[in-house]
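Following: one structure in structure tokens, then a few remarks.
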Amino acid sequence: MLELDRLVITQDDFRLAADFSIPKAARVAVIGPSGAGKSTLLSVISGFFRPESGRIRWDGQDITDTAPGLRPLSILFQDQNLFPHLTVSQNVGLGLRPDLRLTAADRARVDEALARTGLDGLGDRRPGTLSGGQQSRVALARVLLRARPLMLLDEPFAALGPALKDEMLELVADIAGETGATVLMVSHDPADALRFAGLTVLVADGVAHAPRPTAALMADPPEELAAYLGRPG
């Protein structure tokens, strides 16, 4: 379980409060207006930005002061965070060993992850020679190898077309289902939330609200969400 215990995040004149928990293996959309703090919330959970007050716990363990690399999570950004000078296999292998000193068994695991994500035979290519969808698959293959119990998605598929984005979300759902990972996905698209996430966290007006069932939330949105969706509350 992920717990955000009386969390307060401040940055200049920005303030965001969060006080809720998310069950294990849940798939959760994080939705709300631009600038509301969705990406900032993920940055705090991942350890790249420290909250002003409150605690973050995973499975009862306080990780508020834990270094980002030691937290039980993986995060996917919009830019995929791939290294252009490394091959696809090396980019994926970073999920196992940052120094890339891979054993034969490690390399076999990399090949398996590439095959699992539809990249079989592309291990020697550079990211710049791949399509946007293939680059997304490389980032997912690295997440698959890391096998962390918490997966944070900061709109990594926003630049993809609708069909390819659906394919990537389905692949994430498959990987999460196999590993039992908890997924938090920032999205601007309510259709993505409905398709992918059983629960949704609304971030608006300085509050990250406790997760609610996505279908019910979209069917009867509170005023803040109705305004964002452009329909009457």
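The values are calculated or read from the model by the stated rules, or taken from the named source; none is laboratory data. Just so we're clear, the structure is a prediction, and the values are computed from it rather than from any experiment. Heads up, the Cβs are rebuilt from the backbone with ideal geometry, glycines too, and the neighbour counts pull from every protein chain shown. These accessible areas exclude ligands, DNA and RNA; they are computed on the full protein's heavy atoms, side chains included. Shrake-Rupley method; radii C 1.70, N 1.55, O 1.52, S 1.80 Å.
General observations
- The strands (runs of 3 or more DSSP E) found entirely in segment 4-62 that carry 2 or more residues being out of contact with any Ser or Thr (no Cβ under 8 Å at 6 or more places or on another chain) are 14-22, 53-58.
- Once segment 10-26 is narrowed to residues that are touching a residue at least 12 places away in the same chain (Cβ under 8 Å) and open to solvent by 80 Å² or more (accessible area, probe 1.4 Å), the residue that is farthest from ASP205 (Cα to Cα) is LYS24.
- Within segment 113-125, the set of residues being at pLDDT 90 or above and open to solvent by 60 Å² or more (accessible area, probe 1.4 Å) comprises ASP120, GLY121, ASP124, ARG125.
- Here segment 39-58 is the region considered, the condition is being in contact with a Pro (Cβ under 7 Å, 6 or more places away or on another chain) and small (Gly, Ala, Ser), and the residue that is farthest from ILE22 (Cα to Cα) is GLY47.
- Index of the failed condition, ARG50 passing every other in (1) surrounded by fewer than 22 Cβ atoms within 10 Å (Cβ to Cβ); (2) at pLDDT 95 or above: (2)
- Qualifying residue in segment 74-92 (condition: over 14 Å from the mean Cα position of the chain (by Cα), under 19 Å from VAL183 (Cα atoms) and either buried (at least 19 other Cβ atoms within 10 Å of the Cβ) or aliphatic (A, V, I, L, M) (or both)): no
- Qualifying residue in segment 126-144 (condition: within 23 Å of ARG15 (Cβ to Cβ), at pLDDT below 95 and out of contact with any Asp or Glu (no Cβ under 8 Å at 6 or more places or on another chain)): no
- Extreme residue, farthest from LEU229 (Cα to Cα), among residues of segment 26-50 that are among the small types (Gly, Ala, Ser) and more than 13 Å from the chain's Cα centre (by Cα): GLY47
- The residue of segment 126-139 that is surrounded by the most Cβ atoms within 10 Å (Cβ to Cβ), among those that are touching a residue at least 40 places away in the same chain (Cβ under 8 Å) and outside any helix (DSSP H, G or I), is LEU130.
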